[in-house]
Amino acid sequence: MITLTAKLTAAEGKAEALQAALVAMIAEVQAKEPGVMQYALHSVEGQPGVFFFYEQYADDAAFAAHRTTDHMKAFGAALGGLMDGRMELTRLNYIDGVKR
């Protein structure tokens with residue numbers, strides 16, 4: 001399993017537009033990417049306009065496929081002018097945890 005976080009920070013005055021683009025991306029991933037196990041959007045309490053995706057993929061192939069989809073390419077283009085800086089992507093290594 002591949003787990004990532006992606007931090008996105010909105011440009012000044014663009015938080016609502018960025019959030020709308022992020023929510024639209026979730027719908028695309030849900031409809032078109034069976035290898036995505038979780039693709040959850042979060043906001044940061046006390047930091048308006050800062051968002052995190054928590055992403056889990058079945059394997060490296062599913063993650064590679066995600067990065068090359070047409071909707072991901074369109075998403076990248078849609079982010080132009082909405083973000084303050086670049087997306088910060090972090091790949092996580094699972095150690096242990098509670099599973100229900």
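General remarks:
- When we screen Ala20, Ala74 for residues that are part of a helix (DSSP H, G or I), at pLDDT 95 or above and surrounded by fewer than 17 Cβ atoms within 10 Å (Cβ to Cβ), the only hit is Ala20.
- Within region 2-16, restricting attention to residues that are of a type in the set (Gly, Ala, Ser) and surrounded by 15 or more Cβ atoms within 10 Å (Cβ to Cβ), the residue that is farthest from the chain's Cα centre (by Cα) is Ala11.
- Any hit, region 48-59, residues being modelled with pLDDT under 95 and part of a helix (DSSP H, G or I): no
- Neighbours by Cβ (under 7 Å, 6+ apart or cross-chain): first from region 73-99, on the phi > 0 side of the Ramachandran plot; second surrounded by 13 or more Cβ atoms within 10 Å (Cβ to Cβ): Gly81/Ala11; Gly85/Thr9
- Matching option when the condition is without any contact (Cβ under 8 Å) to a residue 24 or more places away in the chain, of a type outside the set (Ser, Thr, Tyr) and not in a helix (DSSP H, G or I), among Leu4, Leu8, Leu41: Leu41
The values are calculated or read from the model by the stated rules, or taken from the named source; none is laboratory data. All values derive from a computational prediction rather than experimental measurement. Cβ sites come from the backbone with ideal geometry, for glycine too, and all protein chains shown count toward neighbours.
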